[in-house]
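Shown next, in structure tokens, is the structure this report addresses.
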Amino acid sequence: MPDTRSSETRSSETRSSEARRSPSPGALEEERRVLSLKPVLAPRHHRYGPHPQQVYDLWPAVDGDGAEAPMVVLLHGGYWRYDRMHLTPYAAHLAQQGFTVVLPGFRRSGGAGGYPETFDDIALAVDTIPAGRPYTLAGHCSGGHLALWAAARALLPEDSPWHTRSLPTAVLALAPVTDLAATVRADLSNGAALQLLGGADQVASRLPLVDPLTLLREHGSTGVRTVLLHGAEDEEVPLAQFSDYAAAHRDAELLVLPGTGHYTLIEPGSPASREIVATLARLAAPPSR
């Protein structure tokens, strides 16, 4: 349908949208505080593929049996563009809490990645690194998008190279991007979703293969235990991304943390991080009968 609004109206709505996305001083301070944490070197580094970016860091659980500790595969955010170093303090923190933590690198937008390479790498990482061991797949922001996508791969057409029925035990999406179409419309992070998908002319054909909400709408569930957790004060990802996905996923659990922003979720020792640790422990426990 053609847009019949006046140019003045469209311009006003654009300015209004930009104003809504302008972060508050508190949100800016939170972002600066968390993203300026010193990276933590992992005790082990490995490869899961031949490309230089197909690597992962491994933190065995501290003061526990590494073979028995719950495994968490953690996917970093950064709107598919940035590397994993900002999440290393949190990965180390989770290891201190008794989890064996895997933090994969992958090819990213603006470099060697985007569609399809980013998705090739995530599929390869989760198919090979756990080596048959049960694990919870967790991700923050765009890493949450990748985690939800990976948990929905059984919904892909069987002739897709990403289709699989070997799925994580559970998925915990932290302030996730769930709806790439809405991300494109809102122009989050200066066209990040368009860059991931390869441009506006590729959205229609690629969205059904890589968008969690699109994959979910026809089926209503991925069959994977799913928890979405976000802060009520998140100014980075629109709250509709969480509520719309939870409404479409009949089995998903939605946790909202009051007084919590976007980056506090990955701040070691924060009240939000304690809630996340408790949720990961719950997801790793055998299901009650």
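Adding -39500 (n - 2.57) for every DSSP H run of four residues or longer, then dividing by how many residues the chain holds, sets the calculated 222 nm ellipticity at -11000 deg cm²/dmol. Expressed in Å, the radius of gyration and Dmax of the Cα atoms of the chain are 18.5, 65.
Which whole-number percent of Cα pairs in region 148-289 have a distance greater than 22 Å? Distances greater than 22 Å cover 43 percent of the Cα pairs. Counting only protein heavy atoms and a 1.4 Å probe, the chain has 45 square angstrom of accessible area per residue. In whole Å, how far is the Cα centre of region 214-244 from that of region 148-181? Region 214-244 and region 148-181 have Cα centres separated by 12 Å. For the chain, relative contact order (Cα pairs under 8 Å, six or more residues apart, normalised by length) works out to 17 percent.
Its Cα gyration tensor gives region 202-263 an equivalent ellipsoid; the semi-axes, largest first and in whole Å, are 23, 16, 8.
The values are calculated or read from the model by the stated rules, or taken from the named source; none is laboratory data. Because the structure is a prediction, the values reported are computed rather than measured. Surface accessibility is based on the protein's heavy atoms, side chains included, excluding ligands, DNA and RNA. Shrake-Rupley method; radii C 1.70, N 1.55, O 1.52, S 1.80 Å.
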